[in-house]
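Asker: Shown below is the structure under consideration.
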Amino acid sequence: MSDQSSPRLKRALHTKIFIGLAMGVVAGLICNAAFKDAPQLAWLIKNLISPVGQVFMRLIFMAVIPLIFSALALGVAELGDVRQLGRIGGRTLIYTIVLTSISVIIGLTLVNLVKPGEGLSESDRQSLMSTITSAPVKTALDKAAQSKTVVQTLLDLIPRNPLADAVGAFDENYQGGGILALMVFSLFVGVALALARSERTVVFEKFLQGLYDVVMKIIHIAMKLAPLGVACLVFSVVARLGLDVVVILGKYVAVVMIGLALHMFGVYSLVLKFIIGVSPIQFFRRIRVVILTAFSTSSSNVTLPTALEVTEKNLGVSKKITNFVLTLGSTANQNGTALYEGVTVLFLAQFFGIHLSMSQQITVVLASVLAGIGTAGVPGGSLPVIVLVLQSVGVPGEGIGVILGVDRILDMSRTTLNVTGDITAAMYVAKSDGAIGLMSGGEAEAA
Ligand code: ASP
């Protein structure tokens, strides 16, 4: 990633990621058009191309848990005193809730105006209904069926055994608090570290710094594979799906995409220009490598290391704020996911001919905002959560089968918004904490 000594090399890496993405899309479309039903293509994707993409993802995933622990604990410890933590934490929370609510309202307004679920032809409807018994639907339903009470969910945020939560963080069937619980533990370690400063704890703090540096190095190495990994990930999606499903669900996909674009380029631009006081165009230019990484990996957690570096080096946000806001945000601030959940629930209600009253729509808004906070930052993290939101307003959870075919493409797009939202949050918190000179330095391109 960023290595100040060789900016030209870095720029080349970032350009290579873009080329990988473009090649994945073009090759995928060609293979889809030419050999869509050929078993050889399916074999190749399953046994070669998708695994290469997974190697890249796994190399980063393996570093995410120690990264979250060290970044958050250090971020909090570096904030110094608990009052500052309260102020920064409070601002992050308020920003998250306000911006997530705006994103859901944008989505719901669009879906109410366009009504994409009502315009489907009978044959398209039948072909979508036939997908409802597929295996992924069953997995998501099973997971939702094991859902816990609200009290239990909140209790599970305080880990009884943080190691168990770290181990289960990426396990779909894990029932504890997972990554959010690990974050709570890391926050406590950071607070205690700040309160118990002594000669002995300085050693521990140095250890955390060392851990952070080592983990970042692992990620730098993994990112060298990014251009190839990205090409393979994108090819696997596009070659299998092509544009057929996207066309059948065209209006729904368009509503989600337009909603995401309005929030990304409209709302964030306004916040950047009028609240933070920086140029939106410059901002998007400087974070383009984060956008590419989020789009091609569909994972906020995998994109976290790149986002940390870019926000610090290219946008000039202090390390203590980036570590705190971005690490928390990678799970807890997901504007794109919230918007997508709101649109999907209303779309499926329209699809099944279920009328949702105003109060039920308000339930959807609240549930989607909470979903944006509680969804894991991994590919498809939303799916089990969406089943719960559907059921809370009486729409059959099986309905997610209808949208599964286009989920990956929407996942890539909503993850991009999620991560961009985290970075705007860090900028906002830095600005309101008195930071000066945001984005005034040069661009040390990270990748
Ligand atoms: N893939 C998304 C993320 O990592 C979560 C989701 O499925 O909405 O941000």
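Asker: How much of the pair distance distribution for the chain lies past 33 Å, counting alpha-carbon pairs only, in percent?
Answerer: Cα-Cα pairs in the chain separated by more than 33 Å: 33 percent.
Asker: Separate question: Ratio to report: Rg/Rh of segment 11-101, with Cα atoms as the point set and Rh obtained by the Kirkwood method; give two decimals.
Answerer: 1.22
Asker: How large, in Å, is segment 165-289 by the Kirkwood hydrodynamic radius built from its alpha-carbon pairs?
Answerer: 19.8 Å
Asker: Build a GNM of the chain with springs between Cα atoms under 10 Å: which of Thr92, Thr322, Thr303 gets the top mean-square fluctuation?
Answerer: With Cα springs under 10 Å in the chain, the top fluctuation among Thr92, Thr322, Thr303 is at Thr92.
Asker: Expressed as a whole number of Å, what is the distance separating the alpha-carbon centroids of segment 380-417 and segment 230-301?
Answerer: 17 Å
Asker: Also: So which trypsin sites (Lys or Arg not before Pro) in segment 366-437 end up in coil per DSSP with only 15 or fewer other C-beta atoms within 10 Å?
Answerer: Here no loop site has a sparse enough neighbourhood.
Asker: How tilted is helix 178-195 with respect to the longest principal axis of the chain? Cα atoms for both, answer in degrees (0 to 90, nearest 10).
Answerer: 10 degrees
Asker: Taking Cα pairs under 8 Å and at least six residues apart, what relative contact order does segment 141-192 come out at, in percent?
Answerer: 34 percent
Asker: If you line up the long axis of helix 250-261 against the longest principal axis of the chain, both from Cα atoms, how many degrees apart are they, to the nearest 10?
Answerer: 20 degrees
Asker: Could you work out the relative contact order of segment 236-311? I mean the mean sequence separation of Cα pairs under 8 Å and 6+ apart, divided by the number of residues, in percent.
Answerer: Computed over segment 236-311, the figure is 17 percent.
Asker: Mind checking the angle between helix 400-432 and the chain's longest principal axis? C-alpha axes, 0 to 90 degrees, to the nearest 10.
Answerer: The two axes meet at around 30 degrees.
Asker: Percent relative contact order of the chain, based on C-alpha pairs within less than 8 angstrom and at least six residues apart?
Answerer: Over the chain, the number comes to 32 percent.
Asker: On a 18 Å Cα-Cα criterion, which of the cross-link pairs Lys16/Lys217; Lys217/Lys313; Lys273/Lys431; Lys206/Lys320; Lys319/Lys431 come out too long?
Answerer: Result: Lys16/Lys217 exceed 18 Å.
Asker: Sticking with this one: Restricting to DSSP H runs of at least four residues, report the calculated mean residue ellipticity at 222 nm for the chain, -39500 (n - 2.57) per run over all residues, nearest 500 deg cm²/dmol.
Answerer: So the calculated ellipticity at 222 nm is -23500 deg cm²/dmol.
Asker: Rounded to the nearest 20 debye, what is the charge dipole size of segment 1-125 about its Cα centre when +1 sits on each Lys and Arg Cβ and -1 on each Asp and Glu Cβ?
Answerer: 380 debye
Asker: Quick one: net charge of Ser236's neighbours, Cβ under 12 Å, K/R +1, D/E -1?
Answerer: Result for the local shell: +3.
All of the numbers you see were taken from the coordinates with simple rules; none came from a lab. None of the values given here were measured: they were computed from a predicted structure. Cβ atoms come from the backbone with ideal geometry, glycine included; neighbour counts cover every protein chain shown.
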